[in-house]
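Sharing a structure with you now.
Where a number appears in this text, it was derived from the coordinates with a stated rule and is not lab data. Treat the numbers as computed from the prediction; the structure is a model and nothing was measured. Cβ placement follows ideal geometry from the backbone for every residue including glycine, while neighbour counts extend to all protein chains displayed.
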Amino acid sequence: MTPNIRPLVAGNWKMNGLRDALGTINEIAQSSEDSALSKIDMLLCPPATLLYVATTLCEDVPLQIGGQDCHANKSGAHTGDISADMIADCLGTQIIVGHSERRTDHGETDSEIRAKAEAAIEAGLVAIVCIGETEEERKSGKTLDVLKTQLAGSVPDNATAANTVIAYEPVWAIGTGLVPSNGDVEEAHAFIRSEMASRFNAEGEKMRLLYGGSVKPSNAAELMAIANVDGALVGGASLKSEDFLAICKATAGNLG
Ligand code: PEP
């Protein structure tokens with residue numbers, strides 16, 4: 001945790017969730033009013049098919065709803081894509097960009113991810129920019145070089161603490177049950193903080209840095225206690241309301 005930074009716990013549902021999963025969103029929405037969670041921000045990013053209905057379930061509660069990706073353009077001939085304006089129009093507040101599955105499945109480059117983040121910001125939303133090294137890159141000692149390159153390439157020049165969140169997600173930790181050592185998480189987050197602070201000054205000091213990769217109720221409190229970890233990006237465990245809420249409570253509990 002970083003003193004004076006309000007943590008964010010974000011759930012990424014990926015390509016999971018039919019209409020019956022709206023019940024789970026509703027359960028999380030209702031529980032988000034729990035006073036034990038009042039010191040953190042909570043976000044769910046369901047598939048685009050559920051996004052608008054999900055926002056209607058969250059009208060009067062603190063749970064936010066976001067998108068998992070957007071196109072860099074506002075509109076146009078891009079079959080199958082969704083613009084940041086469309087997500088804003090559905091009352092989404094944040095958009096994940098550059099998730100490693102987008103980088104791998106769709107070959108997204110840092111400059112494309114930067115353009116998507118710019119589109120999210122231009123639409124008045126928060127861009128959650130994902131970065132992270134592969135197993136091979138970690139084993140060959142290139143982790144910090146990879147993070148440096150991804151940050152420089154993917155984070156827009158107009159990033160502020162209010163419009164941008166960085167999610168550090170080691171690719172080899174996503175969906176595998178593997179988690180880096182506390183020391184490795186601390187080192188990566190300290191590095192990201194120093195990169196953001198040297199580029200964006202006070203805004204970089206205040207920017208939220210999330211950890212993602214096999215965050216579970218059982219490890220959340222320990223991970224969230226690490227310096228410069230200002231919340232979590234949660235995949236699999238966000239699909240179950242009790243697990244997601246337990247991670248949120250563990251995060252809130254770290255605030256003392
Ligand atoms: C993710 O997809 O961003 C993620 C962190 O997944 P998981 O929590 O399942 O590892």
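(1) closer than 24 Å to Leu223 by Cβ; (2) crowded, with 18+ Cβ neighbours inside 10 Å; (3) of a type in the set (Lys, Arg): which one isn't true of Lys116, the others all being true?
(1)
Any residue in the stretch 164-179 that's over 19 Å from Leu144 (Cβ atoms): show its pairings with residues that are surrounded by fewer than 24 Cβ atoms within 10 Å (Cβ to Cβ) and basic (Lys, Arg) at Cβ separation under 6 Å, as long as the two are six or more apart or on different chains.
Filtered contacts from the stretch 164-179: Val165/Arg208.
What about Asn73, is it within 30 Å of Ala225 (Cβ to Cβ), assigned to a loop (DSSP other than H, G, I, E, B) and either aromatic (Phe, Trp, Tyr) or over 15 Å from the mean Cα position of the chain (by Cα) (or both)? Even if it seems obvious, please write down each step before you answer.
On the way: within 30 Å of Ala225 (Cβ to Cβ): no; assigned to a loop (DSSP other than H, G, I, E, B): yes; either aromatic (Phe, Trp, Tyr) or over 15 Å from the mean Cα position of the chain (by Cα) (or both): yes.
The answer is no for Asn73.
Since Asn12 meets every condition but one in (1) surrounded by 20 or more Cβ atoms within 10 Å (Cβ to Cβ); (2) more than 16 Å from the ligand (Cβ to nearest atom); (3) not hydrophobic (A, V, I, L, M, F, W, C), which condition does it not meet?
Tallying (1) surrounded by 20 or more Cβ atoms within 10 Å (Cβ to Cβ); (2) more than 16 Å from the ligand (Cβ to nearest atom); (3) not hydrophobic (A, V, I, L, M, F, W, C), Asn12 fails exactly one: (2).
Across the stretch 88-100, which residue is nearest to the ligand (Cβ to nearest atom) among those that are touching a helix residue (DSSP H, G or I) at 6+ places or on another chain (Cβ under 7 Å) and outside any loop (DSSP other than H, G, I, E, B)? I'd like the intermediate steps shown before the answer.
Within the stretch 88-100, the subset touching a helix residue (DSSP H, G or I) at 6+ places or on another chain (Cβ under 7 Å) is 90-92, 95, 97-98, 100.
Filter again for outside any loop (DSSP other than H, G, I, E, B), leaving 95, 97, 100.
Working: Ile95: 14, Val97: 12, Ser100: 8 Å.
So, considering only residues that are touching a helix residue (DSSP H, G or I) at 6+ places or on another chain (Cβ under 7 Å) and outside any loop (DSSP other than H, G, I, E, B), the one nearest to the ligand (Cβ to nearest atom) is Ser100.
So which pairs qualify, if the first residue must be in the stretch 207-222 and over 16 Å from Leu255 (Cα atoms), the second must be among the small types (Gly, Ala, Ser) and crowded, with 21+ Cβ neighbours inside 10 Å, the Cβ gap must be under 7 Å, and the two must be at least 6 apart or on different chains?
Within 7 Å, the pairs are Tyr211/Ala232; Gly212/Ala167; Gly212/Ala232; Gly213/Ala173; Ser214/Ala173; Val215/Ala232; Pro217/Ala250.
Another question, then. Looking at Leu209, Leu255, which is the one that is outside any helix (DSSP H, G or I) and within 16 Å of the ligand (Cβ to nearest atom)? If you could, list the steps in order and put the result at the bottom.
Details: Leu255 fails: within 16 Å of the ligand (Cβ to nearest atom).
It is Leu209.
Can you say whether Lys240 is within 14 Å of the ligand (Cβ to nearest atom), touching a residue at least 60 places away in the same chain (Cβ under 8 Å) and not hydroxyl-bearing (Ser, Thr, Tyr), as far as the supplied structure shows?
Considered against the rule, which asks whether it is within 14 Å of the ligand (Cβ to nearest atom), touching a residue at least 60 places away in the same chain (Cβ under 8 Å) and not hydroxyl-bearing (Ser, Thr, Tyr), Lys240 comes out as yes.
Given the structure, is Gly212 touching a Leu at 6+ places or on another chain (Cβ under 9 Å) and either on the phi < 0 side of the Ramachandran plot or not small (Gly, Ala, Ser) (or both)?
Answer is yes for this residue.
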